[in-house]
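Quick notes on the structure that follows.
Taken together, the values in this text are just the output of simple stated rules run on the coordinates, not laboratory data. Just so it is clear, the structure is predicted and the values come from calculations on it, not from any experiment. A quick note on method: Cβ atoms are made from the backbone with ideal geometry, for glycine too, and the neighbour counts reach across all protein chains shown.
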Amino acid sequence: MLILLSCKKDIPQTYNLSYSYTYFGLIKGNYVLYEVVEITHDENALIQHDTLRYQLKTLIGDTLYDNSGRIANRFFRSKRPNANAPWSITDVWTTIIADNKAELVEENQRTVKLIFPFSKQMTWNSNQFNPNAANACFYSSIDYSGSIGSFVFDHLAQVEQADERNLVVYKRQFEVYAQNIGLVRKYYKELNIANFDTLNIKSGKELFMEVIGYGN
């Protein structure tokens with residue numbers, strides 16, 4: 001029995017492939033609304049720590065052929081300064097699930113957001129299809145329940161994208177996805193700091209997104 005248990009512990013925990021796909025929310029008509037806080041830091045600027053607050057809406061549109069000849073979906077992004085203002089489309093990106101990868105083309109840069117099936121033993125380079133530096137991602141939590149904003153979700157998965165701190169750099173980045181919805185939280189900090197002090201910011205960017213509504 002001890003031998004069997006020790007062998008079982010080494011088997012990677014994976015999840016049903018089609019079940020994993022649903023976390024990306026890639027269904028035509030699916031939309032998600034976010035409250036967004038965006039902070040730009042520059043100690044040489046007139047406004048050294050410039051904060052912008054707005055609402056963002058993402059919408060899965062119809063299909064088209066992407067630049068690789070694959071059938072992808074349009075990914076519309078709209079913004080408004082507050083809940084009383086009209087939406088204005090700011091971007092039309094593309095998104096696809098192919099070769100067990102969920103991809104999003106942001107500003108002509110193809111990034112790998114998720115890989116399937118879910119497994120805590122796997123890592124992937126989110127920048128493998130673009131010229132940016134390699135970025136190792138992994139699942140820190142899979143199929144867990146939790147609350148985000150005013151919502152309680154039964155099935156969430158968290159993707160770790162960066163966690164680095166040294167004398168002059170602080171990076172902390174992760175995303176949380178919900179089953180049948182897609183991205184429900186984004187936490188992004190990439191800062192140039194001084195003497196390990198994360199409050200002594202020389203330059204950089206922070207972006208925080210949290211779901212406030214969704215549907216189809």
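Remarks
- Cα shape, the stretch 72-193, gyration tensor, a/c 1.5 rule: rounded
- Asn166 versus Lys79: modelled label distance in nm, points set 7 Å from Cα along the beta carbon direction: 3.2 nm
- Lysine pair count for the stretch 96-216 [Cα-Cα under 22 Å; pairs on different chains or 8 or more apart]: 16
- Listed candidates (i) 25, 21, 16; (ii) 29, 25, 18; (iii) 30, 17, 16 - label of the one calculated as semi-axes √(5λ) of the Cα gyration tensor in Å: (ii)
- Each Lys or Arg adds one and each Asp or Glu takes one away; over the other residues whose Cβ falls under 15 Å from the Cβ of Leu114, this sums to 0.
- Remark: the Asp42-Asn195 segment gains 53.4 nm on full extension, using 0.36 nm per residue and subtracting the alpha carbon distance.
- Modelled FRET efficiency - R0 30 Å, Phe208 with Ile89, Cβ distances, 0.05 increments: 0.85
- Spin-label model, Glu106/Tyr65: points 7 Å from Cα along the beta carbon direction are separated by 2.8 nm.
- Length-normalised contact order of the chain in % [C-alpha pairs under 8 Å, at least 6 apart]: 21 percent
- Those aspartates and glutamates that a straight Cα-Cα span of less than 13 Å connects to Lys57, excepting residues fewer than 8 apart in one chain: Glu35, Asp91, Glu210
- Inter-part distance where the stretch 29-83 and the stretch 148-165 are each reduced to a Cα centre, Å: 18 Å
- With K and R counted +1 and D and E -1, the other residues having a Cβ less than 12 Å from that of Tyr170 yield a net charge of +1.
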